[in-house]
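Engineer: Take this structure first; my questions come after.
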Amino acid sequence: MSYPTPTTPPWAGLPAAWRPAVERAEVAGEGAAGGVWLLTDLDTELRFREGLLWIAAGRLWWAAEPQATPVSWPIEAGLALWMSDHNGVAALELVREARDGAPAERLAVWRYTLGRQVPARRLMERFEALRDAGGRPVAAPDAAALQCPVCHAPMEPEDDECAVCAQVVHTPPSTLTLLRLWRFARPYRWQLLAGFLLTLAATAATLVPPYLTIPLMDDVLIPYQSGQPIDVVRVGWLLGGLLGAALLAWGLGWAKTYILALVSERIGADLRTTTYEHLLGLSLEYFGNRRTGDLMARIGSETDRINIFLSLHLLDFATDVIMIGMTAVILFSISPTLALATLLPLPLIAWLIHVVRDRLRTGFEKIDRVWAEVTSVLADTIPGIRVVKAFAQEGREAERFREANRHNLAVNDRLNRLWSLFSPTVSLLTEIGLLVVWGFGIWLVARGSVTVGVLTAFLAYIGRFYTRLDSMSRIVSVTQKAAAGAKRIFDILDHVSSVPEPAQPVPMPAVQGRIEVRGVAFRYGNRSVIQGLDLDVRPGEMIGLVGHSGSGKSTLVNLICRFYDVAEGQILVDGVDIRQLRVADYRRHIGLVLQEPFLFFGTIAENIAYGRPDATREEIIAAARAAHAHDFILRLPQGYDSLVGERGQGLSGGERQRISIARALLIDPRILILDEATSSVDTETEKEIQKALDNLVRGRTTIAIAHRLSTLRRADRLVVMDKGRKVEEGSHDELMARQGAYWRLYQAQARQAEAERELLRD
């Protein structure tokens, strides 16, 4: 959706289908001056249906569909627009405020998804400005400030930056980013120094042969053509010098390549390990905004690219620089005049490299992002292949991959067009430079300024000079690739977890299991999820959290586990704020059983012992028995050593859940979180899981979320949540007797269960 800008009419961003509604309002005598509009996308029954709400000429207008006759209300004192949001759905209410003893009266309500919150707020602010002005004209807001100039996402008028761009800032990588790799190269600095010295020596050895051609030409071959005999001994020494230089260059080259290859592999391994460890330390908030395929590409292919740069291209670059420097010194020592002629193409080549480098740098980072799209499609599809096949969406997923691949191809083609022009241009300039040297050198030989041997050696050196110069220009490409990869790696390493470790951690006390939630508030972005929540859970007590979907139950247990940090208030365990404890120390005392248990590729025993890798087989079996999983495990081909597929695909949902319960039992936690642990299984399986849960919760502080309210009857207390607040608290019988929010939930589930039974009987 687009919004008007100062250079366009007020309705420029409005879809054409809705223009007739606005025009009918104008025919009715109302102008469009100062138009501010909101295209709602839900009707009163929360079905997706568009409607248009707009302000024009001092009135609030509404059209339920493009061809409908608009209705309007004058914007005057006593009227107000109220805004609210719940579970991803927002509402604007037009009300006549209470006065003179009369209650407030709701005149109309419009609903929409939160994606349209920014234009809704614009409209409400415009409404309030006109109402407070008492009908006097009010300047329309500056629409240009309400969308990002980069990604065109909606923005608040008071925002300093776009929230979308702030999450993923695609700034071009700098070549200087590569210098940050010194942090990983520092432990190997002596090996790197040895490699540099070997490179220096190997380069010097390769420069010996052209110098030996001078006496071969001037003192042996040219005198021989004049009738003088060949000095065989001298020729032997010169040829021996050429062979010795070649062998020395080979040996030194092998040594430097081997040493630097070993070092680069270790730098790459350290880079991967550090990045992965840092990634594991980040909060769930970071992973919620990233795609798995993108992160895999960064840790995998980007580090490989840096490895190749360090082991091959950086070595070539260093060799080229040394070779060019040494060659330049030799050239000037042989003939300063010829050396100056050699350097004529250099300024133009340097200018080309400078121009192309910036475009390559930006282009390669774009290629990295596009390639991450390709890997993300794979990361989405392969783990979900069962769903793809169940819904016969193979063609759709193939088209997704094909489209991502086409995008990748188009971006690469654009960059290749630039590179295909740059590289031959540099080669052409070096060839022209060589021709200049030939022509100028022949002229100098004809004048007797230099000998043929000097010119021959000069041409040999100049050939190597230009070859290295051409090689350096090609290294621009791989350098920018490595810089782009390094930037994507350091984007991860520079990210600070939103759940930080305490600067001065408090030692973890012997956990009793008392949990205190004091005035806690939390928001996902701009959406308030929990507000002013207070809760006290005694050690060993079982608390059941109930409420509509989106009421904040799962968010509360995420805060208790410290997957996120509270925005306001505090959560205490045994009187200690959990933000003062080391994250790992605290979470060792928490057992978590989720609605969708996650199993790793490996054996049954390895999955049960995930929280305690040092557990004995007897302890693993005891945990499995308590979780009522032992019998079905023994029926598997290799028992506890049976491999489960990725994410436990080889097991049923109930079997995976019982292994998850065994995993929680094995670590013997003092605090237990059950998040919809039985909601996705059948009734019989639920009974088996419930038996396992009875063993699990015994003697532990337990917070349970359950879709079926009947499963929480064993809870000591039930806490009813709505819109992020605690609205009721008590036992099942107490809450049923009050006939409040819990009673309504229970009755609704009872009616649904009865309807399902009727359907089965039919």
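Engineer: Using a Förster distance of 56 Å, how high is the FRET efficiency between E277 and R99, based on the Cβ-Cβ distance and rounded to 0.05?
Structural biologist: Given R0 = 56 Å and the Cβ-Cβ separation, E is 0.35.
Engineer: Tally Lys and Arg at +1 and Asp and Glu at -1 over the other residues with C-beta under 15 Å from the C-beta of D270: what net charge comes out?
Structural biologist: Around D270, the surrounding residues sum to +2.
Engineer: HN-Hα J couplings of region 651-661 from phi, Karplus 6.51/-1.76/1.60, θ = phi - 60°, integer Hz, Gly and Pro as x?
Structural biologist: Couplings: 10, 6, x, x, 5, 4, 5, 5, 5, 5, 5 Hz.
Engineer: Now, a different point. Over 20 Å between Cα atoms, which of K691/K726; K553/K726; K553/K723; K256/K481 qualify?
Structural biologist: Among K691/K726; K553/K726; K553/K723; K256/K481, the Cα-Cα distance tops 20 Å for K691/K726; K256/K481.
Engineer: In addition: Ranked highest first by average number of other Cβ atoms within 10 Å, how do 265-277, 440-452 line up?
Structural biologist: Highest-to-lowest ranking by the protection proxy: 265-277, 440-452.
Engineer: In whole Hz and in residue order, list the ³J(HN,Hα) couplings for region 261-270 that follow from phi through the Karplus curve 6.51 cos²θ - 1.76 cosθ + 1.60, θ = phi - 60°; x for Gly and Pro.
Structural biologist: 5, 4, 5, 5, 5, 6, 4, x, 5, 5
Engineer: Further, regarding this structure: Which residues' amide hydrogens lie under 5 Å from the amide hydrogen of R49, considering only partners 5 or more residues apart or on another chain, with H built in the peptide plane?
Structural biologist: So R49 has HN proximity to L42, D43.
Engineer: Okay, next question. Apply 1/(1 + (r/R0)^6) to the Cβ-Cβ distance of L179 and D534, taking R0 = 51 Å, and write down the FRET efficiency to the nearest 0.05.
Structural biologist: Values: r = 52 Å, r/R0 = 1.01.
FRET efficiency, L179 to D534: 0.50.
Engineer: Taking R0 as 60 Å, what FRET efficiency do you get between I442 and L594 from their Cβ-Cβ distance, rounded to the nearest 0.05?
Structural biologist: That pair, I442 with L594, gives E of 0.15.
Engineer: Let me check I've understood the local charge: for L545, count other residues with C-beta under 12 angstrom from its C-beta, Lys and Arg +1, Asp and Glu -1. What total comes out?
Structural biologist: Combined, the nearby Lys, Arg, Asp and Glu give -2.
Engineer: Something else: Between Q739 and R414, what is the label-to-label distance in nm when each label sits 7 Å out along the Cα-to-Cβ direction?
Structural biologist: About 6.7 nm, to one decimal.
Engineer: Sticking with this structure for a sec: Hey, rough spin-label estimate for N405 and Q749, points 7 angstrom out along Cα→Cβ, what's it come to in nanometres?
Structural biologist: Rounded to a tenth, the inter-label distance reads 4.9 nm.
Engineer: Same structure, new question: Mind listing the long-range amide H neighbours of D536? Cut-off is under 5 Å, sequence gap 5 or more, other chains count too, H placed in the peptide plane at 1.01 Å from N.
Structural biologist: Sorted by chain and number, the residues that satisfy this are V517.
Engineer: Right, here's the next one. How many nm separate the modelled label positions at D641 and A80, each set 7 Å beyond the Cα in the direction of the Cβ?
Structural biologist: A separation of 7.3 nm, rounded to one decimal place.
Engineer: Still on this structure, please answer the following. Taking amide H atoms as placed 1.01 Å from N in the peptide plane, list the residues 5 or more away in sequence, or in a different chain, whose amide H sits under 5 Å from that of E728.
Structural biologist: Placed amide hydrogens put V720 under 5 Å from E728.
Engineer: Subtract the Cα-Cα distance of L243 and R47 from 0.36 nm times their separation in residues, and report this length gain in nm to one decimal.
Structural biologist: 62.0 nm
Engineer: Moving to a separate point now. I'd like the distance separating the alpha-carbon centroids of region 491-561 and region 391-452, in whole Å.
Structural biologist: 57 Å
Engineer: Ranked highest first by average number of other Cβ atoms within 10 Å, how do 712-721, 52-61 line up?
Structural biologist: Descending packing order for the listed peptides: 52-61, 712-721.
Here, each number is a calculation from the coordinates, and none is a lab measurement. Since we're looking at a predicted model, the values are computed, not measured. In this analysis, Cβ positions are derived from the backbone assuming ideal geometry, glycine residues included, and neighbour counts consider all displayed protein chains.
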